[in-house]
Amino acid sequence: MADKPLPKGITLRKDGRYMGRFMYRGEKFTVYGENPRKVKKELDNLRYEVEHSMYEKPSNITVDAWFWEWISTYKSRTIKPTTLERYQSYYKNHLQTPLGNKRLVDIRANDIQKILNAMADQNFAKGTIKLARVALNGMFEQARKNKLIKENPLSDVTIPNGAGKRQRTSLTRQEQELVLEYMQTYAPKYYTLYALALCTGMRRGELLGLRWQDVDFSKRMIHVTGTLAKLSARGSKPYRGTPKTKTSYRDIPMTREAYEILKCERKEQLRVKMQQGEQWKPLEGLEDLVFLSQTGKPQSRSNIEHANQRIKKQIEKDGKEITPFSFHSLRHTFATRAIENGMNPQTLKAILGHSSLSMTMDLYSHVMEDTKAQEMEKMRNML
């Protein structure tokens with residue numbers, strides 16, 4: 001059966017795309033596409049606009065020029081500095097090379113889809129790919145509103161499946177006791193930080209950004225009102241930013257252990273401050289933090305991570321087995337203990353600061369999976 005002839009004015013290019021072209025008053029007008037019928041329709045619409053003086057010449061602005069204009073004008077004052085940095089990182093690492101020198105008007109959904117698919121092939125998490133798409137969509141949508149392009153190419157882009165969610169890790173009761181024991185021996189300055197994480201389920205940034213004014217000893221309540229953040233640029237200083245989400249603003253009742261931990265930390269910090277004298281030099285605006293170094297500076301995330309690695313190596317060196325864990329595992333461990341002790345989902349959601357109940361229920365399903373055999377064992381005398 002012979003191939004169906006192409007519409008008049010439409011040709012097939014070597015790269016597999018279809019091209020439609022016409023001349024008007026000595027100027028050439030061209031349309032490209034994957035489907036000959038769509039190309040013909042776009043070509044007819046373009047011809048009508050040109051012949052009736054309705055045509056607006058497309059902007060020659062490149063993706064690179066528009067991205068930085070969008071960041072500077074529309075985003076720098078509306079999103080968190082850490083989110084802004086993430087957008088810039090996505091662009092530099094994944095978009096600038098393949099798209100930067102191209103005109104905005106020449107970008108098609110297929111170009112974006114290939115980039116997101118490549119991220120999936122490199123085992124980026126689906127959540128990371130989704131955030132990259134959010135940034136791209138915002139950039140192109142603003143370009144559409146500014147009439148730099150007619151359509152947002154992201155409307156036809158799907159999010160590919162990337163790497164699965166990282167396995168949630170929580171420690172057993174014996175393991176958490178082992179971690180605290182080794183922390184007290186081999187990294188004592190981080191002991192109270194780890195212990196409070198296990199008592200409250202707070203995120204690392206929330207703990208590092210906790211101020212004494214947020215600790216109400218009389219009512220035995222911790223008010224989570226901020227997080228310690230730091231940009232990756234060399235020389236940038238840590239700062240206290242807003243919590244992760246609106247629901248991250250929360251009050252956490254202190255357990256007896258948490259109360260004692262904070263009381264001891266307060267007493268120790270005052271002792272060190274007196275001892276250090278002029279060597280105590282806290283950063284402006286961060287003088288009231290609960291967790292400070294020997295010189296009054298905020299605790300470093302990298303130093304905490306190094307301590308974590310040191311503890312794990314020492315445990316292995318001593319021939320003891322332990323589940324691989326990170327600092328964030330302490331948050332999951334708190335949640336696991338709460339579920340094991342019968343805390344209801346809504347209460348746990350509020351204490352953890354989850355934005356949706358489904359996030360909390362994921363924790364319940366994870367714990368229940370581990371305890372199914374134990375629970376079924378209780379049924380052995382049924383018959």
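Structure summary
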{"item": "Total residues in the stretch 219-237, condition at pLDDT below 95 and exposed (fewer than 14 other Cβ atoms within 10 Å of the Cβ)", "result": "6"}
{"item": "Those strands (runs of 3 or more DSSP E) lying entirely in the stretch 1-89 with at least 3 residues within 41 Å of the chain's Cα centre (by Cα)", "result": "27-33"}
{"item": "So Arg133, is it closer than 15 Å to Phe67 by Cβ and touching a Leu at 6+ places or on another chain (Cβ under 9 Å)", "result": "yes"}
{"item": "Complete set of residues in the stretch 324-360 that are outside any helix (DSSP H, G or I) and out of contact with any Ser or Thr (no Cβ under 6 Å at 6 or more places or on another chain)", "result": "Pro324, Ser326, Phe327, Asn341, Gly342, Met343, Asn344, Ser356"}
{"item": "From the options Gln142, Gln113, residue that is under 29 Å from Tyr55 (Cβ atoms) and either in contact with a helix residue (DSSP H, G or I) (Cβ under 6 Å, 6 or more places away or on another chain) or modelled with pLDDT under 85 (or both)", "result": "Gln142"}
{"item": "Failed condition for Ser72, given (1) in the same structural domain as Thr97 (by TED's automatic domain parsing); (2) farther than 30 Å from Pro243 by Cα; (3) among the small types (Gly, Ala, Ser)", "result": "(2)"}
{"item": "Members of the stretch 98-146 that are farther than 23 Å from Ser72 by Cα and among the aromatic types (Phe, Trp, Tyr)", "result": "Phe124"}
{"item": "Residues of the stretch 247-297 satisfying the condition of being part of a helix (DSSP H, G or I) and at positive phi", "result": "Gly277"}
{"item": "Selection count where residues are of a type in the set (Ser, Thr, Tyr) and either at positive phi or exposed (fewer than 13 other Cβ atoms within 10 Å of the Cβ) (or both), scope the stretch 298-322", "result": "1"}
{"item": "Candidate set from the stretch 131-164 (those that are in contact with a strand residue (DSSP E or B) (Cβ under 9 Å, 6 or more places away or on another chain) and in contact (Cβ under 8 Å) with a residue 40 or more places away in the chain); member that is surrounded by the most Cβ atoms within 10 Å (Cβ to Cβ)", "result": "Gly162"}
{"item": "Residue in the stretch 348-365 that is more than 30 Å from Met221 (Cα to Cα) and modelled with pLDDT under 95 present", "result": "no"}
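Conditions (1) surrounded by 12 or more Cβ atoms within 10 Å (Cβ to Cβ); (2) out of contact with any Lys or Arg (no Cβ under 8 Å at 6 or more places or on another chain); (3) of a type in the set (A, V, I, L, M, F, W, C), marked per residue:
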site: Arg13; (1), (2), (3): no, yes, no
site: Gly16; (1), (2), (3): no, yes, no
site: Met19; (1), (2), (3): yes, no, yes
site: Thr30; (1), (2), (3): no, no, no
site: Ile71; (1), (2), (3): yes, yes, yes
site: Leu95; (1), (2), (3): yes, yes, yes
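The values are calculated or read from the model by the stated rules, or taken from the named source; none is laboratory data. Everything numeric here is computed off the predicted structure, so don't read it as measured data. Note that each Cβ is placed from the backbone with ideal geometry, even for glycine, and that neighbours are counted across all protein chains shown.
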